[in-house]
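Heads up: the structure comes next, in structure tokens.
Read the figures in this text as sums done on the coordinates, not as results from a lab. This is a predicted model, so every value here is computed, not measured. Neighbour counts run over all protein chains shown; Cβ positions are idealised from the backbone, glycine included.
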Amino acid sequence: MSFNDELVKRFEQMAQMLELTGANPFRVNAHARAARTIDELTSDLREIAGDAKALIAIPGIGKGIAEKIAEFADTGKIGEHLDLLAEVPAGLLRVLEVPGLGPKKVALLWKDLGVEDIDGLKRVIADDSILGLPRMGKKTVENLSASIAFMESSGERLHLGIAAPIAEAIVERMGSVRGVTRAAFAGSLRRGRETIGDIDVLVCTTDPDGAREAFTSMDGVTEVLARGESKSSVRLSLEGIDHARWGGDGSSQVQVDLRIVPEGSWGAALMYFSGSKEHNVRLRERAQKQGLTLNEYGLYPVAEGDDGDEPPQKRGVKAKAAKTEEDIYAALGLAWVPPEIREDRGELELEQTPRLIEVGDIRAELHAHTTASDGSMSLEELVAEAKARKLHTIAVTDHSKSSAQAGGLDEKRLRAQREQIEALRETTKGIEILYGCEVDILGDGSLDFDDDFLAELDVVVASPHVALSQEPTKATARLLKAIENPCVHVLGHPTGRLINRRQGLEPAMDEIIAAAVEHDVALEINAHWMRLDLRDTHVRAAVAAGAKIAIDCDDHAPRDFDNLVYGVLTGRRGWLTPELCVNTWTKSRLHKWLRSKRA
DNA sequence: GCCGTTTTCGGCCCGACTGTTTTCAGTCG
């Protein structure tokens, strides 16, 4: 684990343990925010751990947190963290994750009943001693039992690529319910986050009862958690979802929330439920400074003498803006912010809405496999699929010889494939076929072929596939060596991570980015939803440094081309504009750049 | 614990829902 990740883990734990010991909630939040801030950094904090001024310059890190970072750099531990670990039972943090249990109740369970872990919780449920706690009745305990079962069957957040099709299907179904005039999903899914905790669906309807009924009786609903005036919640079984595609060891259920919102508040509700929470907090603070208050119904003026007991929409106050997101941002003096960048990462300082990359901008694919290695498409099928997707260029990049398990090609087989490609070019119109290879970056950073051979290829995508748990300094040196190779065009899935499954390499990303700029190598956003590698924060740093980005689907089958949307979402989350993305370039510009590495 | 073109002290976003209450605490997002 990298230095930064070690800190993230400690500050997250400290936030939870402080919460359980009844600390000032703002202090709790400060630790949680520090964890989040550090998690998003692309530079190694160890480098500046001794420089208090530099640490404090990072938003969210003040004197107290900076001291703890320095302490950790010096001693490998944080005294207060150890004190808390000694005080709070380790298993209690897991109890805190049970839906329906918050810090107050967990603290009571711990102090009054001696609960220290999930088993302890199950025990006090089984012997009914839990019923002796205040505000803990039969119904609450029933819900707790169901929550424990839910938690044990749904360990981790859902992949974007699993959740998005489910949400689209729900939106389509809700949109066809009588009386429903609008339906959309919001939440982290709309922001394109790589994983999704739950699915939020918004509707406007003239028949709330009908919408509620249709929602709670959908196919796959295993449990109805709430059925209120404006909000309903269900748990949905993922049985029938193609688990084989993603390993099948993840969640088997997902929570889905339905919000019924007034037509006139659509924009406010969409904004509110799209988040992120941090973005919303910033917006509400901004509203407050302007004498306004923002909630999910609209942006309202705060009149003199408001006691704040009743929200403005209930007192008949007329909203300053509510109908569309654009109206609300404008009323706050802001440009509309695309959902993907609503993360409180500086987006509220934008003078105008940035032109982020879109799926329609992509005109070339530089990373695709055929049956020659581990793909399911023949060369002809791959090219036909790419042509059907209106691309001007498709690069054939099967694995290299070291990837034996994937049927990697050696020099001889690649040269034979080249003849095949040249023959196919003769009979194919409307698309350029490039002869390339996804070349293994070996553990020491050398490539699977010598430079003379690499120079024969139109496109070289260099990717790590083995030794993915090597230590950060080695990983950095390894990737730098690959980038410095003059024949390499694209650094493929740079960290080799698999979301929820494998951490992958943890190189000093700012060094990798700087080298990519210097050596004119494009960094890949691998669009497969298991990878999304580079991840959003890496893209943001790369974009800021002016590095070229390649968004590639790493196609193995025709449907893999559909993953493009997830790669684009990740690019958008990294503030990527079309200009920096080589896949958006015209044919002549792209090919000129590729050839520039063959001089 | 962080932060500051009103502040270095005193703030720190807002509402819905549930279950347990008889006016609301706790949780969630």
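A few remarks follow.
- Cβ-placed point charges (K, R +1; D, E -1), dipole of chain A about Cα centre in debye, nearest 20: 1280
- Listed residues A:LEU434, A:ALA73, A:THR324: farthest to the positive end of the dipole of chain A (Cβ charges): A:THR324
- For the stretch A:3-151, alpha-carbon Rg and Dmax in angstrom: 17.9, 55
- Euclidean distance of C-alpha centroids, the stretch A:436-453 and the stretch A:549-599, integer Å: 21
- Computed E for A:PHE26/A:THR75 - FRET, C-beta separation, R0 25 angstrom, nearest 0.05: 0.40
- Each 10 Å bin from zero up to the one holding the largest Cα-Cα distance in the stretch A:312-365 carries the following percent of pairs: 20, 37, 27, 12, 3, 1.
- Percentage relative contact order, the stretch A:267-349, counting C-alpha pairs under 8 Å, at least six apart: 34
- Peptides A:137-145, A:88-96 ordered by average Cβ neighbours within 10 Å, highest first: A:88-96, A:137-145
- Crossing angle, helix A:472-484 versus chain A [Cα axis fit, 0-90 degrees, rounded to tens]: 40
- Within the shell of other residues whose beta carbon sits under 11 angstrom from the beta carbon of A:ASP39, the net charge comes to +1, with Lys and Arg scored +1 and Asp and Glu -1.
- Neighbourhood charge, 15 Å Cβ-Cβ cut-off, centred on A:GLN503 and excluding it, Lys, Arg +1 and Asp, Glu -1: -1
- Relative contact order for the stretch A:3-151, counting Cα pairs under 8 Å that sit 6 or more residues apart, in percent: 19
- Sum of -39500 (n - 2.57) over DSSP H runs of 4+, divided by residues of chain A (222 nm, nearest 500): -12000 deg cm²/dmol
- Geometric extent, Cα atoms of the stretch A:262-333 - Rg, Dmax (angstrom): 11.3, 32
- Using alpha-carbon coordinates, inclination of helix A:564-573 to the longest axis of chain A, degrees: 60
- Counting Lys and Arg as +1 and Asp and Glu as -1 over every other residue whose Cβ lies under 14 Å from the Cβ of A:LEU442, the net charge comes to -1.
- Listed by chain and number, the aspartates and glutamates whose C-alpha is less than 15 Å from the C-alpha of A:LYS138, apart from same-chain residues fewer than 8 away, are A:ASP127, A:ASP128.
- Inter-label distance for A:GLU518 and A:ALA467, nm, one decimal - labels placed 7 Å from Cα along Cα-to-Cβ: 2.1
- Dividing the mean sequence gap of close Cα pairs (under 8 Å, 6+ apart) by how many residues the stretch A:272-415 holds gives a relative contact order of 15 percent.
- All-pairs alpha carbon distance profile, the stretch A:158-260, 10 Å steps from 0, percent: 16, 50, 29, 5, 0
- When each of A:LYS314, A:LYS597, A:LYS429, A:LYS387 is scored by the number of other beta-carbon atoms lying within 10 Å, the sequence from fewest to most is A:LYS429, A:LYS314, A:LYS387, A:LYS597.
- Evaluated on the stretch A:359-596, the Kirkwood hydrodynamic radius is 17.3 Å, with distances taken between all distinct Cα atoms.
- Per principal axis, descending, Cα span of chain A in whole Å: 76, 62, 50
- Helix axis angle, A:509-518 relative to chain A longest principal axis, alpha carbon, degrees: 40
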